[in-house]
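Worksheet: the structure to be examined is printed underneath.
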Amino acid sequence: MPIHPPGPGDNRAEGPTDGGHIACARCGTDGMLTLHSITAVSPPSDVLLEVGYSCDACNLHHVGRADVAAVAAVFSRLHSPKGVLVFGGHYVHCGLPMQKIGSEVRRLRVPGLSDGQQEDEVGVYMTAQVLRCSCGFQMDVPE
């Protein structure tokens with residue numbers, strides 16, 4: 001199942017479906033794109049990838065199939081990719097795969113849904129893997 005982290009925009013649009021050029025569906029350019037995820041398509045292909053990206057100018061997030069050469073062209077223009085890139089199931093920060101340093105149980109809670117004390121708040125427990133970059137950046141992702 002492909003992983004597509006949310007982009008900076010809260011708008012979503014379908015990206016290329018024919019494996020063509022990567023560009024924003026609104027402004028039609030590729031100069032302000034941020035790549036968020038690159039995964040294999042199913043069934044496997046030597047020329048197509050599934051890519052998640054956003055346009056910084058339009059604040060629009062796209063997900064779709066793209067030609068490997070088109071993805072490489074956009075990726076090669078990025079001098080330092082912003083944030084974390086999900087690439088083939090690996091989380092990449094600073095151009096290097098992040099390393100798993102452990103697992104922890106995290107509680108996601110929703111304050112205000114319970115009238116009682118803080119310990120009565122509605123919550124969900126999940127196991128998360130803790131990933132760390134060589135620069136010191138660290139994040140949790142669900143296992």
Original post:
How many residues does the range 79-107 contain that are over 16 Å from the mean Cα position of the chain (by Cα) and modelled with pLDDT under 75?
Top reply: 1
Subject >> Residues of the range 82-104 satisfying the condition of being in contact (Cβ under 8 Å) with a residue 24 or more places away in the chain and either charged (D, E, K, R) or not in a strand (DSSP E or B) (or both) >> reply: LYS82, GLY83, VAL84, GLY88, GLY89, CYS94, MET98, LYS100, GLU104
Subject >> So SER37, is it among the small types (Gly, Ala, Ser), in contact (Cβ under 8 Å) with a residue 40 or more places away in the chain and closer than 22 Å to VAL92 by Cβ >> reply: yes
**OP:** Tell me which residues, restricted to the range 59-77, are more than 16 Å from the chain's Cα centre (by Cα), of a type outside the set (Ser, Thr, Tyr) and surrounded by fewer than 18 Cβ atoms within 10 Å (Cβ to Cβ).
**Re:** VAL68, ALA69, ALA72, ALA73, ARG77
Subject >> Subset of the range 108-134 that is closer than 24 Å to HIS90 by Cα and open to solvent by less than 80 Å² (accessible area, probe 1.4 Å) - its residue that is modelled with the lowest pLDDT >> reply: MET126
**OP:** For the range 9-26, indicate whether the set of residues that are at pLDDT below 75, farther than 27 Å from PHE137 by Cα, in a loop (DSSP other than H, G, I, E, B) and within 15 Å of the chain's Cα centre (by Cα) is non-empty.
**Re:** yes
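The values are calculated or read from the model by the stated rules, or taken from the named source; none is laboratory data. Computed from a predicted model, the values in this text were never measured in an experiment. Glycine also receives a Cβ, built like all others from the backbone with ideal geometry; neighbour counts cover every protein chain displayed. Surface areas here come from the heavy atoms of the whole protein model, side chains and all, with no ligands, DNA or RNA. Shrake-Rupley method; radii C 1.70, N 1.55, O 1.52, S 1.80 Å.
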